[in-house]
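Q: The structure's right below; bear with me while I get my questions together.
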Amino acid sequence: MANTQPAVDGCLVLTLYGVRELKKTLLCEAYCIVQVDDNTNKRIGTTMQTCRGAVAWNQCFEMTVSQARELHLMVYTWETRGGKHKVSSRATVNLASLINGAKTNDTFAQR
């Protein structure tokens, strides 16, 4: 089955400011991974920050995309006691809709 969403080519510049409403513990760290479509070679990630309910990354990333349709954002937590990575939250953004001026809330699809 072919993907009917319009594709995007060019340079994608993304700033990740932070995340709110995370578990408040001193034994947990959080980081975010951003992936283009299902291509694991097109991934970027933030630094790990201690979870205190909110995390401020303020990191800017740049990547070249070709025939890109979706941007997947995944927030992971790292439990220092158990040594486990856990997906805390994830969302998908339709790139063509975002570029064409759709409201941000209309372009996110949580999984």
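The values are calculated or read from the model by the stated rules, or taken from the named source; none is laboratory data. Every value quoted in this text rests on a predicted model; they were computed, and no experiment measured them. All Cβ positions, even for glycine, are placed from backbone atoms using ideal geometry, and neighbour counts span all protein chains on display.
Q: Under the condition of being at pLDDT below 75 and assigned to a strand (DSSP E or B), which residue from the range 84-110 is surrounded by the fewest Cβ atoms within 10 Å (Cβ to Cβ)?
A: Step by step, filter the range 84-110, then rank; the result is Gln110.
Q: Filter the range 72-85 for residues that are more than 18 Å from the chain's Cα centre (by Cα) and without any contact (Cβ under 8 Å) to a residue 12 or more places away in the chain and give the result. Reasoning before the result, please.
A: Pass one, the range 72-85, residues more than 18 Å from the chain's Cα centre (by Cα): 79-84.
Within the range 72-85, Gly82, Gly83, Lys84 meet the criteria.
Q: Tell me the strands (runs of 3 or more DSSP E) entirely within the range 29-83 that contain at least 1 residues that are in contact with a helix residue (DSSP H, G or I) (Cβ under 7 Å, 6 or more places away or on another chain), of a type in the set (Gly, Ala, Ser) and crowded, with 16+ Cβ neighbours inside 10 Å. Give the steps one after another, and end with the answer.
A: On the way: elements: 43-45, 49-68, 70-79.
Of the strands (runs of 3 or more DSSP E) lying wholly inside the range 29-83, those with at least 1 residues that are in contact with a helix residue (DSSP H, G or I) (Cβ under 7 Å, 6 or more places away or on another chain), of a type in the set (Gly, Ala, Ser) and crowded, with 16+ Cβ neighbours inside 10 Å span 49-68.
Q: Something else about it: Out of (1) within 25 Å of Glu21 (Cα to Cα); (2) more than 13 Å from the chain's Cα centre (by Cα); (3) of a type in the set (A, V, I, L, M, F, W, C), what's the single condition that is false for Val93?
A: All conditions pass for Val93, except number (2).
Here's the yes/no breakdown for (1) over 19 Å from Ile99 (Cβ atoms); (2) at pLDDT below 90; (3) within 14 Å of the chain's Cα centre (by Cα):
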{"residue": "Val34", "(1), (2), (3)": "no, no, yes"}
{"residue": "Asp37", "(1), (2), (3)": "no, no, yes"}
{"residue": "Thr40", "(1), (2), (3)": "yes, yes, yes"}
{"residue": "Thr46", "(1), (2), (3)": "yes, no, yes"}
{"residue": "Arg52", "(1), (2), (3)": "yes, yes, no"}
{"residue": "Trp57", "(1), (2), (3)": "yes, no, yes"}
{"residue": "Phe61", "(1), (2), (3)": "no, no, yes"}
{"residue": "Glu70", "(1), (2), (3)": "no, no, yes"}
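Q: Another question about this same structure. Condition first: within 12 Å of the chain's Cα centre (by Cα), loosely packed, with under 11 Cβ neighbours inside 10 Å, within 18 Å of Ile99 (Cα to Cα) and modelled with pLDDT of 85 or more. Can you find one or more residues in the range 1-23 that meet it?
A: Yes, because at least one residue in the range 1-23 is within 12 Å of the chain's Cα centre (by Cα), loosely packed, with under 11 Cβ neighbours inside 10 Å, within 18 Å of Ile99 (Cα to Cα) and modelled with pLDDT of 85 or more.
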